[in-house]
Structures are given as structure tokens and as C-alpha cells.
Amino acid sequence: MSRRNNYMSIGELSKLTGASLRSLRYYEKLELLIPAHIDPDSGYRYYSLDQVTLVGLIQFCIELGIPLKDFGKFTSADDTMDYRAFLAQGKEIAQKKLSALKQGLALIGEIERRIDFAERYQIGQIYERECSKKIFFTMPCGNSLENVDLFEVARSVSDAAYAAYTEVDYNDLSEYGVLCEYTPGGRSYHAFVEIPRRIAGKNTKIIPAGTYMCRQSEDSQIDQAQDIFKEYLADKTSCLVIETEIFTGKYKISEPLSELRVIGI
């Protein structure tokens with residue numbers, strides 16, 4: 001039997017598949033890639049052309065995140081490969097990864113849209129924006145933000161929301177921040193985190209849809225909302241103020257940009 005006519009060296013297999021020599025030897029160690037022929041004199045390993053496909057399948061396992069130890073489930077003692085079972089599992093995993101990639105791309109697109117919107121306006125400029133109805137999980141902060149560590153409060157309200165709604169699929173675009181309800185009787189502050197709109201219950205507030213007057217700032221200005229928007233609020237006896245971080249093209253981690261939103265109620 002001519003080795004050149006029927007088999008290829010490990011180096012040739014490496015070139016054909018793109019797998020490194022180290023990887024091929026590792027596959028053999030795991031008994032996933034057994035040489036078709038081992039020269040009894042030199043100990044050199046040789047492989048059949050069909051094993052190029054086998055290496056491709058092993059690489060596919062790695063790309064899909066299938067543990068190589070599971071690859072053995074598709075081979076039997078008589079050196080038979082159950083391609084149908086392997087492809088069925090590979091297809092299922094690939095579909096899940098494709099779904100995750102689509103969700104990731106949708107998330108990127110939404111963040112880009114939010115950045116585009118935020119960059120239309122200058123810091124300190126007052127503008128209008130249409131906001132849809134939202135549901136906030138809230139935690140009261142009293143009638144003043146003095147001596148309140150907003151970071152700690154935000155973390156606490158987020159932990160409480162996750163604990164209360166463990167079955168909810170949160171996403172990376174949920175808003176969080178502080179809201180203030182101004183009424184003739186005074187003001188009350190709440191830390192909040194947005195939760196899916198289909199949920200409303202204990203410790204939640206429904207934030208109405210509508211046209212909000214907005215302003216971006218580099219520091220918290222929720223206490224000055226009535227003065228900042230006094231012309232808009234001149235004929236209003238009550239209002240709702242929301243302050244939340246927004247996405248910007250150049251995000252400064254130590255001083256993120258905030259958006260102040262006000263609506264008369």
C-alpha cells in the first residue's frame with residue numbers, strides 16, 4: 001500500500017484543515033482523531049482523506065462551544081460516527097447562538113439610536129422628547145437627597161427589583177436613576193430601575209407616556225428642576241421629574257451624562 005496514494009502526514013492534515021499540529025495531537029489524546037495508519041518503524045502518523053471532515057467536525061464543536069468530551073457521544077466502538085445526531089445537536093446550538101447574536105445586534109442598534117438622539121442637543125439645552133409609558137420599581141429616598149448616596153441607593157433598588165421579579169428577563173437598556181414627585185404638599189424622592197411594561201405591582205410606579213421637557217447635564221440637577229423648567233411649569237401645580245444616565249458617543253465613566261425629564265401631572 002502506498003502511503004502517498006492513500007494517506008497524508010500530520011503536517012499535510014494540518015495544512016488542509018488549519019488545525020495546528022498541537023491541536024491534532026490533542027484530538028488524538030482525547031481519542032477523537034485516531035491515525036488511520038502508524039508506521040511501525042518510524043512511528044509516524046498518517047491520516048485518510050475522510051479524516052479531514054472529521055477534523056472539521058471537531059473544530060465545529062469547538063466553535064459552537066460543545067465540550068470535546070461530548071464528541072465521543074456520537075462515535076461508537078466500531079468506529080462509526082452518528083452524523084445525524086451530531087448535526088442535530090450542532091444545529092440546535094447554532095440556532096441558539098444565532099438568536100443571541102441577533103439580540104446583541106438589536107441591542108447595539110438601539111444604543112446607537114440613543115447616542116444619536118443624545119448628541120442632537122448641547123449640554124444645558126432644553127428640548128422636548130416623546131416618551132412611552134414605563135414601569136419603575138422604586139425605593140423611597142424621603143423628601144430630600146441631602147446625604148443620600150445615590151450609587152448605594154441605585155444598587156439597593158436594583159437588587160430589590162431582581163429579588164422581587166426573579167422570573168423577569170431584564171435587558172441592558174433598562175433605565176435607572178432618581179424620580180421626584182412635586183406636589184403642592186411637598187416633594188418625595190424615589191430611586192428606580194425600569195422593569196418590563198407587562199409587570200406592575202408592589203413598589204412599582206407607572207410613569208405616564210407623553211411629551212417631556214428635557215435637559216442634559218454633567219451633574220445631578222433634579223433639585224433644581226422647578227427653576228430650570230419654570231416657564232414650562234408656570235401653570236402646573238404638580239410635576240414628575242426623572243433623572244437618569246444616558247448613552248453618549250464619548251462616555252466618561254467617572255462623570256456620566258444625565259438627562260433630566262419633566263412632565264406636568
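The values are calculated or read from the model by the stated rules, or taken from the named source; none is laboratory data. From a predicted model like this one, the values you see are computed outputs, not experimental measurements. Quick reminder, even Gly has a Cβ in these numbers, built from the backbone with ideal geometry, and neighbours come from all protein chains shown.
Structure above, values below:
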read-out: Yes/no for TYR47 being in contact with a strand residue (DSSP E or B) (Cβ under 7 Å, 6 or more places away or on another chain) and either among the aromatic types (Phe, Trp, Tyr) or at pLDDT below 90 (or both); value: yes
read-out: When residues of the range 27-76 are limited to those that are part of a helix (DSSP H, G or I) and of a type in the set (A, V, I, L, M), the one surrounded by the most Cβ atoms within 10 Å (Cβ to Cβ); value: ILE58
read-out: Single condition ARG120 does not satisfy, out of (1) assigned to a helix (DSSP H, G or I); (2) free of Cβ contacts under 8 Å to residues at least 24 places away in the same chain; value: (1)
read-out: Residue within the range 101-113 that is farther than 30 Å from TYR212 by Cβ, surrounded by 10 or more Cβ atoms within 10 Å (Cβ to Cβ) and either β-branched (Val, Ile, Thr) or not assigned by TED's automatic domain parsing to the domain that holds SER258 (or both) present; value: yes
